[in-house]
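What follows is a single structure, written as structure tokens, with notes after it.
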Amino acid sequence: MSNDQGQTAGTDGNVSDPDASLPKVPINVPRTLVATVFTYLVALLVLFVVYVSWKQFRTDAPTTLGPLPVGVVWFGAIGAVISSFRGLFAFNAKWDNSYNLWHYSRPLFGAVTGSIGALMYWVLLTIGSTAIVDVRVETFYVVAFVLGFADKAFVEMLQNVTNVIVKPGSNSSQQ
């Protein structure tokens with residue numbers, strides 16, 4: 001038998017709290033940060049619904065950013081927000097406030113890293129090719145999402161590309 005507060009009466013008549021056996025996990029993440037990241041997710045989902053359901057909006061909105069579909073910006077931002085949620089949940093017990101600014105800026109950073117990463121992917125696909133390379137837009141969306149989510153992978157990719165372009169190759173005969 002349970003009362004209106006969710007407590008259960010045992011066979012001996014004593015009232016017990018069903019949540020008493022669950023470990024109490026402190027919430028160390030600032031609540032304003034959780035609310036902000038949740039707001040980012042809701043705003044991006046609302047933007048998606050508006051884009052899908054409002055024909056005039058789709059007609060007036062640009063469809064491309066150069067060779068890329070404009071959706072790469074959204075997919076990069078959504079990847080970044082999902083990454084923020086992962087961080088909030090995974091590191092709640094040992095939260096480091098030095099990451100707060102990182103989480104507040106994630107959607108913008110993810111939109112940029114996802115877009116630039118997708119552009120780099122397109123360049124790598126087409127470099128040195130005289131034929132037109134036809135890539136499905138979904139490929140760019142996945143690249144943007146992944147690089148928006150995994151900012152460290154984007155930075156590593158950027159460093160690798162920079163090393164190839166800027167640093168001269170090592171010559172084994174000069175060792």
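The values are calculated or read from the model by the stated rules, or taken from the named source; none is laboratory data. These numbers come from a predicted model, not from an experiment. Virtual Cβ from ideal backbone geometry, glycine too; neighbours counted across all protein chains shown.
Checking the stated criteria, Lys55 turns out to be more than 25 Å from Val29 (Cβ to Cβ), surrounded by fewer than 20 Cβ atoms within 10 Å (Cβ to Cβ) and without any contact (Cβ under 8 Å) to a residue 24 or more places away in the chain. Note on the stretch 120-136: residues that are exposed (fewer than 12 other Cβ atoms within 10 Å of the Cβ) and either modelled with pLDDT of 90 or more or part of a loop (DSSP other than H, G, I, E, B) (or both) amount to 9.
If the condition is being among the polar types (S, T, N, Q) and either loosely packed, with under 14 Cβ neighbours inside 10 Å or at positive phi (or both), then the stretch 96-119 contributes Asn97, Ser98, Ser105.
For the stretch 1-112, no helices (runs of 4 or more DSSP H) sit wholly inside it while including 3 or more residues that are within 12 Å of the chain's Cα centre (by Cα), under 23 Å from Arg136 (Cβ atoms) and at pLDDT below 95.
Looking at Ile165, is it modelled with pLDDT of 95 or more, among the aliphatic types (A, V, I, L, M) and assigned to a helix (DSSP H, G or I)? Spelling it out, it is not the case that Ile165 is modelled with pLDDT of 95 or more, among the aliphatic types (A, V, I, L, M) and assigned to a helix (DSSP H, G or I).
Figure legend. Inter-residue proximity from the stretch 67-88: first residues in contact (Cβ under 8 Å) with a residue 12 or more places away in the chain, second residues of a type outside the set (A, V, I, L, M, F, W, C) and part of a loop (DSSP other than H, G, I, E, B), beta-carbon distance below 7 Å, spacing 6+ or different chains. Indicated pairs: Pro69/Thr63.
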